[in-house]
1. Beyond a 27 Å Cα-Cα separation, which of these cross-linked pairs lie in this structure: A:LYS88/A:LYS188; B:LYS11/B:LYS104; A:LYS86/A:LYS237; A:LYS171/B:LYS104; B:LYS11/B:LYS114; A:LYS224/B:LYS114?
2. With the cut-off at 1.5 for a/c, could you classify the stretch A:66-213 from its C-alpha gyration tensor as rounded, prolate or oblate?
3. List the residues whose amide H sits under 5 Å from the amide H of B:VAL49, counting only those 5 or more places along or on another chain, with H placed 1.01 Å from N in the peptide plane.
4. Give the accessible surface of chain B per residue, rounded to a whole number of Å², with probe radius 1.4 Å and ligands, DNA and RNA excluded.
5. Please grab the % of Cα pairs in the stretch B:2-117 that end up more than 23 Å from each other.
6. If a/c stays under 1.5 just call it rounded; otherwise compare a/b with b/c (prolate if a/b is bigger, oblate if not). Do that for the stretch A:136-281, with a ≥ b ≥ c from the square roots of the Cα gyration tensor eigenvalues.
7. Would you mind calculating the gained length between A:LYS51 and A:ARG32 on full extension (0.36 nm times residue separation, minus the Cα-Cα distance), in nm to one decimal?
8. Just how far, in whole angstrom, is the stretch A:71-116 from the stretch B:25-57 if you go by their alpha carbon centroids?
Amino acid sequence: MRTEDFEFLAKTLKERSGLMLTPDKVYLLESRLTPLARKSGLDTLEALVQKLRVHGDQGLIRDVTEAMTTNESFFFRDNTPFDLFKGKVLPAMEKARGTRKRLRIWCAAASTGQEPYSLAILLRESWFKWRDWNIEIIGTDISTQVLEKAKAGTYSQFEVQRGLPIQLLIKYFAQEGDVWRLNDDIRKMVTFRSFNLLDNFFSLGTFDVIYCRNVLIYFDQATKTLVLERMAKCLAKDGTLFLGAAETVLGITDVFRPVRGQRGMYVGSDGDAEKIMGLNQ
Amino acid sequence: MKLCLVVDDSKVIRKVARRILEELSFEIEEAVDGQDALEACERNMPDVVLLDWNMPVMDGLEFLKSVRARADFTQPVVVFCTTENDMAHIRTAIEAGADEYIMKPFDREIIEAKFVQVGLI
């Protein structure tokens, strides 16, 4: 790939999605965009870049962005963020929101839906506590393609075996030929919408819990800071943020602080979430 | 080191499972059918059994029922690992006392995830 083509694509992706593409990722561009070029009736990657440059085709730019974002996801990924949700966050929220009975959860990089659906399943497992609550789980992603799959709630045999205990498969899925479909009860608990983390967050409202895992790693420092500071503004004072195992707020922003001894869990620096959850500060 | 008994009539499957589980620090014993597995349990009770369903002599379900009926056994964790991939089979296995269920084909990731779920890793 020509250097100027790489630079053009890297710049476009950075502007559109915050995605940072270093020169060692040329192979990724080639392997993911060549099929897209062919699908668009173009012979080569060069031709694709040319079309983007000359026409600034918005649809094509969106397709390129979608092809380059990583969408790997599985149920109960890394376990800990879900154990903490069940063991710490929910008991705290049950008390703190006991009067209003309203809970809003945001999965900011929902991909094909496994993360918000895992949270919905956990709520369903203690439904007697939550049945008269107004609970919103919102899953957003920049890629409309993955959101289509998320909304459908259908997963392959391989996908339902990565992280999902068999008892939960029996309880919450139905088999339809080669795929496994989540029951409507669970699917209805999650709303999916397309959202770019570079856009402003005002339309989203305020959340009690935010999951933003394995997406900041693709951003540069300034973008990480921007996104985290906007998240702090739309998180309740006693709210909780979960980041991926390889991510941190340290050295990026001081609007959040890590909860000691609880990997991947963060609270607002001026908030009182730890006290409510009975965690040591 | 935990002991895993791999029960499958296919030599290839036993070999693949052995390689994955050895990497996950399990000691491995092999059995070729349910009867063979039952005898292995009597000699040396494993911590976990990775169990195929369809096998000659004694199938996996029959083996599982025999094990669960034995009051003198220290009960092992049993993880089915079979090409039977419909809900009816899965329910039958769980009702008979299986702890987890893997639908073939499997890979390292699936085995690892399932073994984490039953608390072996």
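1. A:LYS224/B:LYS114
2. In terms of gyration-tensor shape, oblate.
3. Result for B:VAL49 returns B:LEU5, B:VAL77, B:VAL78, B:VAL79.
4. 45
5. 18
6. Judged from the Cα gyration tensor, the stretch A:136-281 comes out prolate (a/c at least 1.5, a/b above b/c).
7. Length gained between A:LYS51 and A:ARG32: 5.2 nm.
8. 39
The values are calculated or read from the model by the stated rules, or taken from the named source; none is laboratory data. If you're wondering where the values come from, they're calculated on a predicted model, not measured in any experiment. All Cβ positions, glycine included, derive from the backbone under ideal geometry; neighbour counts span all protein chains shown. SASA here: full protein model, heavy atoms, side chains in, ligands and nucleic acids out. Shrake-Rupley method; radii C 1.70, N 1.55, O 1.52, S 1.80 Å.
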